[in-house]
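Quick notes on the structure that follows.
The values are calculated or read from the model by the stated rules, or taken from the named source; none is laboratory data. Here the structure is a predicted model, which means the values were calculated and not measured. We place every Cβ from the backbone using ideal geometry, glycine too, and count neighbours over all the protein chains shown.
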Amino acid sequence: MSTFIPGLAGVVAAETKLSKPNGRQGQLTIAGYAVEELALNATFEEATYLLWHGRRPDATELGAFCAQLASQRALPAIALGVLQAAAQDKLGAMDALRMAAGTLNLAAGENLAMVLVARFPTIVAAYWRLRQGQTPVAPDPELGHAANYLYMLTGERPSEAKARGLEIYLNTVIDHGLNASTFTARTIISTDSDMVSAIVGAVGALKGPKHGGAPGPALETVFAIGKPDNAEPHLREKLERGERLMGFGHRVYKVRDPRAVVLSQAAERLFEQDGDMSLYVLAKCVEETAVRLLAEYKPGRDLQTNVEFYTALLLHGVGLDTDLFTPTFAIGRVPGWIAHCYEQQRTGRLIRPTARYVGETNRQWL
Ligand code: ACO
């Protein structure tokens, strides 16, 4: 009972039907489907429905679901006010998302799960534009979730290739076992708190570079390397300084993260269509060098490419600035967080582990 497991590694703290990462075989199953199968074939709306209902929607159900989601995209004045204030202070996009998302439980009587999924892209896009002194673009109900997000960022309807590239990314990250942000959401909802509080807590957990904050720095490393010949000296220097290489290593995966496989293929397709493969080729070289050097500097730790490395490349190809990478991860993950909240609520069980006390005893208040 009193065994201390640092970081709760390997501790089974929930039962779930949502997703199953297999860290030794490099496989990820989401609601019964291999991640490759789901990410490459579903729309984001279908993947969300699947997580919330445990099965694919039929055509009528999907139509109604998409329409309901699209109808909830516009932001209330209070959320816009928060974003305007945050933009004045030039806060980070994740901080702005956390603050504006925190206002969404004021939408009394609405379906909060739908509201959260529908409005995350609107918050991020509106904030992005406000921070650059531009006016937010109103959502377009005729566009799907992914295409509409790009439209609200740029004011232009995106190409089919970019919208689908983004959608594949959102599908790929929609759920991933009991990761730190999902565990946070489940812990909060387990106290019988509300869904918005759980999701806001999850956003806070996702922000950190050991979780969702890695893709920006991963891409910056690729840019700083600049050309293949620089990869080894640059990465070696980082490792000599004791730095971590962003986009590598994972608590669960000891082989290449299956999501990295899906995303690297999607990035390759996107760059091929754009007709410039130079960044993709450089990234492949950085990846190969990083994995080789990690094996040299950290033998036996099995540090492989994780989801974040190719997230960075794909989202860059889609046209997103690095500051948007982590908020876009949140846009993809929010249906998963919500589905876990539903599961946790059904158990009715409070999450409350224990700590081993290692402090002093019998002190006197003199
Ligand atoms: N670069 C260099 N060394 C690393 C890296 C890395 N990317 N990852 C782990 N290590 C080393 C650690 O320094 C440690 O070395 P030590 O045994 O000599 O002390 C050893 O490998 C084990 O590291 P832990 O932090 O104990 O491993 P853990 O499983 O807790 O960490 C984590 C997983 C946090 C993702 C880690 O690999 C990391 O920091 N990676 C870089 C950041 C990153 O890419 N984050 C995104 C993760 S994916 C996601 O959450 C969506």
request  = Please tell me if Ala161 is within 16 Å of the ligand (Cβ to nearest atom) and assigned to a helix (DSSP H, G or I).
outcome  = no
query = Any idea which of (1) within 8 Å of the ligand (Cβ to nearest atom); (2) more than 30 Å from Ile351 (Cβ to Cβ) is the one Val222 doesn't satisfy?
reply = (1)
remark   = Checked the range 260-270 for anything away from the ligand (no atom under 14 Å from the Cβ) and among the small types (Gly, Ala, Ser); matches are Ser264, Ala266, Ala267
ask   = Here are some conditions: (1) at pLDDT 95 or above; (2) closer than 19 Å to His211 by Cα; (3) of a type in the set (D, E, K, R). Glu308 meets all but one. Which one does it not meet?
value = (1)
message = Being touching a residue at least 24 places away in the same chain (Cβ under 8 Å) and buried (at least 24 other Cβ atoms within 10 Å of the Cβ) is the requirement here; does Tyr297 meet it?
response = no
task = For the range 302-353, name all the residues that are among the basic types (Lys, Arg) and either surrounded by 24 or more Cβ atoms within 10 Å (Cβ to Cβ) or within 11 Å of the ligand (Cβ to nearest atom) (or both).
result = Arg333
request  = Restrict the check to the range 146-157 and report whether at least one residue is of a type outside the set (A, V, I, L, M), within 12 Å of the ligand (Cβ to nearest atom) and either crowded, with 18+ Cβ neighbours inside 10 Å or in contact (Cβ under 8 Å) with a residue 60 or more places away in the chain (or both).
outcome  = no
ask   = Going by the structure shown, is Asp257 within 10 Å of the ligand (Cβ to nearest atom) and either out of contact with any His (no Cβ under 9 Å at 6 or more places or on another chain) or in contact (Cβ under 8 Å) with a residue 24 or more places away in the chain (or both)?
value = yes
task = Pull up the range 228-254, narrow it to residues that are farther than 18 Å from Pro217 by Cα and near the ligand (Cβ under 9 Å from one of its atoms), then point me to the one that is surrounded by the most Cβ atoms within 10 Å (Cβ to Cβ).
result = Tyr253
ask   = So which of Val281, Val291 is surrounded by fewer than 20 Cβ atoms within 10 Å (Cβ to Cβ), within 16 Å of the ligand (Cβ to nearest atom) and of a type in the set (Val, Ile, Thr)?
value = Val291
inquiry  = Taking the condition of being surrounded by 24 or more Cβ atoms within 10 Å (Cβ to Cβ) and not in a strand (DSSP E or B), how many residues in the range 28-43 meet it?
reply    = 3
ask   = If we keep just the residues of the range 164-194 that are surrounded by fewer than 22 Cβ atoms within 10 Å (Cβ to Cβ) and of a type outside the set (S, T, N, Q), which is farthest from the ligand (Cβ to nearest atom)?
value = Asp192
ask   = Of all residues in the range 249-283, which are more than 27 Å from Thr29 (Cβ to Cβ) and not aliphatic (A, V, I, L, M)?
value = Phe271, Glu272, Gln273, Asp274, Gly275, Asp276, Ser278, Tyr280
query = So which of Glu237, Glu220, Glu232, Glu268 is part of a helix (DSSP H, G or I), closer than 29 Å to Glu37 by Cβ and acidic (Asp, Glu)?
reply = Glu268
